[in-house]
1. Once fully extended, how much extra length lies between residue 105 and residue 11, figured as 0.36 nm per residue of separation less the alpha-carbon to alpha-carbon distance?
2. Under 5 Å between amide hydrogens, which residues at least 5 positions from residue 300 or on another chain qualify, with H placed 1.01 Å from N in the peptide plane?
3. So, counting K/R as plus one and D/E as minus one, what does the shell of residues with Cβ under 9 Å around residue 158 add up to?
4. Provide the gained length on full extension for the span residue 137 to residue 265, in nm with one decimal, where the gain is 0.36 nm per separating residue minus the Cα-Cα distance.
5. As a test, work out the antiparallel percent of DSSP beta bridges whose residues both lie in the stretch 46-263, rounded to the nearest 5.
6. Extending each Cα 7 Å along its Cβ direction at residue 19 and residue 170, get the distance between those two points in nm, one decimal.
7. If I build a Gaussian network model for the chain, linking alpha-carbon pairs within less than 10 angstrom, which residue out of 193, 245, 104 has the largest mean-square fluctuation?
8. Count the net charge of all other residues whose Cβ sits under 15 Å from the Cβ of residue 51, scoring Lys and Arg as +1 and Asp and Glu as -1.
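Since every read-out is calculated from the coordinates, none of them should be taken as a lab result. Keep in mind that what you see is a predicted model, and the values were worked out from it rather than measured. Every residue, glycine as well, gets a Cβ built from its backbone with ideal geometry; the counts of neighbours run over all protein chains shown.
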Amino acid sequence: FFWSITVSRFWSPFVKDLVPYVPGEQPKLDNLVKLNTNENPYGPSPKVIEAIRAQLDDSLRLYPAPNADDLKQAIAARYGVNTAQVFVGNGSDEVLAHLFNALFQHGKPVLMPDISYSFYPVYCGLYGIEAKPLPLDEDFRIRPEDYRGENGGIIFPNPNAPTGILLPLDGIEQILQANPDSVVVVDEAYIDFGGETAITLVDRYPNLLVTQTLSKSRSLAGLRVGLAVGHADLIEALERIKNSFNSYPLDRLAIAGAVAAFEDQAWFEECCNRVIDSRRALSESLAGLGFEVLPSAANFVMARHPQRDAAELAAGLRERRVIVRHFRQPRIDQHLRITVGTPEQNRQLLTALGELLKG
Ligand code: PMP
């Protein structure tokens, strides 16, 4: 993939050197089994749709609530914190962008796993921050004991992406305790699929910031809502940065839909449990086909077939209208990252893989 080979003379040197993130493919859906970008296979709560519909009137001429107070209240109530400890933004990608800018120190490296969310190095480039990737162990686990020494901040997804492997809370506390002078960000994009949130630690660690998204467990990737929870001082820094970019964190539809999503806890739990059950079944079936599957606490699995080239398998799946993600990155270039779909989608994936492995 070439981002661009032309450089306009109107560009600043800064833009010329920027290497932007390449998002996962969003093909038109006709008959595709789309298991490449970790969306939820189940739709959002009907109450979310209803709440968004209720916004579709003359009130759209008005600006949204500048502080998204209703949503902050819903999030604060859900996690037992106060609203001054909550930040919201357009997807957790925007929340991450602001925290890299607001909370990571320049002149010292920001520590992150060497296999993790590929947006982190992009933000480092955007804000002129040095990234220091730390290798995972031989089982693809984060080694908490490596996260020490002088640094400008620490960030990792939990569960990690794209491995899906969960770091238990005691590992997170180990990192927090070794780094009292750095902000430690736990990116919990996938926490609701069986992990335990670190939000319970924010009152004990003023240097902890936890980010989450409504894109995965709450089936709202299209609405673009992300959040952060941490000490009010950290949140205040994020608000300053955000207000220097745009004055409204979210649009009216997003606020209404997100509030409704937090109100329908039963729908959320039902969808998460279905995904967790399907993940178990999918992992077992993949193992049955000879794949080595990393233990996932997310809504995707990382799997590698010892005898088959991952890029070829991904291409073969695509010919059979099943789309998964393949990363051309050291250590994981023989893995496929497969989003957990509905049981029917998973069956189609497994049938296609079965055919490819026979061939
Ligand atoms: N963090 C991680 C680890 C992710 O995989 C993703 C999804 N690509 C995000 C954050 C961003 O999610 P969103 O912007 O949809 O909230």
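1. On the way: separation 94, 0.36 × 94 = 33.84 nm, distance 2.73 nm.
Contour length minus Cα-Cα distance gives 31.1 nm.
2. 340
3. Numbers: positive: none; negative: 187, 188.
So the surrounding residues net to -2.
4. Working: separation 128, 0.36 × 128 = 46.08 nm, distance 3.63 nm.
Between residue 137 and residue 265, full extension yields an extra 42.4 nm.
5. If we restrict to bridges inside the stretch 46-263, about 40 percent are antiparallel.
6. Going from the residue 19 label point to the residue 170 one covers 3.8 nm.
7. 245
8. Summing Lys/Arg as +1 and Asp/Glu as -1 gives -2.
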